[in-house]
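Bear in mind these aren't lab numbers, they're just calculated from the coordinates by the rules spelled out. The shown structure was predicted, so the numbers you read here are calculated from the model rather than taken from an experiment. Virtual Cβ from ideal backbone geometry, glycine too; neighbours counted across all protein chains shown.
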Ligand code: GAL
């Protein structure tokens, strides 16, 4: 597969005479794709029903005449001001019950059916007009669902939608009362219309109530996206993508992804390091200008799976961003390294955000490939280098993994609702397991929670799954490798209550979690032979074999030859040791990589990425800071 570069461009921000010069320069850089349109609603429809698409026709033509392919974004993340006058109740409402105002973006409530219809209308108009345009070769729905915490909204519209959703799911208030355990504290309902949103209660609202609202809210994102996809598909066969974000779990990406052709995500490694990824202060300083060495790869692997193999980076950080607490510039070379790491994970396209830095409005401090004065910014030459290298590079195939990690959005909601220990978070646990694999030099595939086919994998990791789905449990029953599940896996019912008999319910493996402890950050449970659990520790019983114990004699890993339960949250070294030990049993080769050096094997090559701020030795080759090295695989 030919890998390509792209860029995000806003013709509506620049005088029309500049467009053709921009298009010429884009082609000179070696760019193939240009994403446009996703925030342009006020220029497409300045007043209700007054449509001005002629400028967009011309912009597409100018880009297309340079051989560039357009990804057309639907503008639904930025409803214009008149829309709010027309639908005053379309604004999302925060958990304190306050409406979120106009004057930035994403000021809509996913539950608002009137706004959903407005979106259907504008998307239909765009699809009718551009569906057969030869230059429009892909589509993007909306922009970054949940950006600025917008999945959850506590509006009157959401309340009504939630009540209807509950009636459908539970059929009777009695069934809901039983499922939620509402006899506790006399919380029983007689009518669905009595059920409120799970906010502003005196103390925490009931966990299944909160989980139901999370499920409802995720379903609204899926439905909102589907409306757009259905309209676009009526007029084109071009692939449709959405640009997901890093570390966002508030809606089920597997379900949104099922309606799309391509998963893409927006990769801002330095912004994320600053405010989204746990690292010591010293480590944050070490990777200040490079980003966390594992965060990009994790999302590449996740979205490759969400896209069923087809995935892109829709927005790639080119220089300082504007939105993190601190915004340092990347080390020279990083804009190239990040792109190559994505390609080595199978990205079809890496698209830099944005072409030219805007001298106005909220993101004026956000770098682009060009400075505001149109002089090339540092990433310009790096993008050009990647384009030359891609032209020389034979096919980059995506590579096989022996190790798989199961990732589940419902579990993320379950533990958000009921963390039981302040720092228990599903994403963080899954990422801790993933990072250990990366330190061991392993390729990892990420799997959905209802995965029914584990063939080809030797080691499957399933930490923190609220419950095992039936297909996954069936797949585990015949799995010939080793599945390492836990902590906290399959210990809850679908309604977030404790199952009796106690979980987990593992095929042919008698082990139960009889008690769970959460631990403050400075506490640990020591393991025999070295290592420790932090954050979380479960007491296990059953007749399964104890494979590892704590220092004071509790089981730490219990199971059989094919499935094992891990009773706690290992710290980094211990995760390395436990995963490495199972790789040894399974004949999966591992290595111990220095902090900052990371590898990825494609079918033909080994790629080595140096995230460290200084050069690193790789088998006698010195790889400079921010360097990428590749060598053929034997
Ligand atoms: C993304 C967003 C873009 C832009 C960018 C800035 O989250 O999709 O529109 O805001 O961040 O880094």
222 nm mean residue ellipticity, helices alone, for the chain (DSSP H n ≥ 4; -39,500 (n - 2.57); rounded to 500): -10000 deg cm²/dmol
Taking the reciprocal of mean 1/r across every pair of different Cα atoms in region 27-73, the Kirkwood radius in Å is 11.6 Å
Take the alpha carbon gyration tensor of region 403-585, find the square roots of its eigenvalues, order them as a ≥ b ≥ c, and report rounded if a/c is under 1.5; if not, report prolate when a/b exceeds b/c, else oblate. rounded
Express the relative contact order of region 156-209 as a whole percentage, based on alpha carbon pairs under 8 Å and six or more residues apart in sequence. 36 percent
Counting alpha carbon pairs within less than 8 Å and at least 6 residues apart, what relative contact order, in whole percent, applies to region 131-255? 48 percent
Neighbour-count order for 300, 402, fewest beta carbons within 10 angstrom listed first: 402, 300
Before anything else, pin down the relative contact order of the chain: Cα pairs under 8 Å, at least 6 apart, normalised by residue count, whole percent. 11 percent
What does the convex hull of the Cα atoms of region 340-407 come to per residue, in Å³, rounded to a whole number? 121 Å³
Compute the separation of the alpha-carbon centres of region 510-582 and region 64-142 and state it in Å as a whole number. 48 Å
Dividing the alpha-carbon Rg of region 213-356 by 2.2 N^0.38 Å yields what? 1.11
Cα gyration tensor of the chain, axes a ≥ b ≥ c as square roots of the eigenvalues: rounded (a/c below 1.5), prolate (a/b > b/c) or oblate? oblate
Most exposed to least, judged by fewest other Cβ atoms within 10 Å, 104, 351 sort to 104, 351
At what distance in angstrom do the alpha carbon centres of region 253-275 and region 293-361 lie from each other? 10 Å
Order of 162, 479, 102 - criterion: other Cβ atoms within 10 Å of each residue's Cβ, fewest first: 102, 479, 162
Please say if region 1-116 is rounded, prolate or oblate, where rounded means a/c under 1.5 for a ≥ b ≥ c the square roots of the C-alpha gyration tensor eigenvalues, and otherwise the choice is prolate for a/b larger than b/c and oblate otherwise? prolate
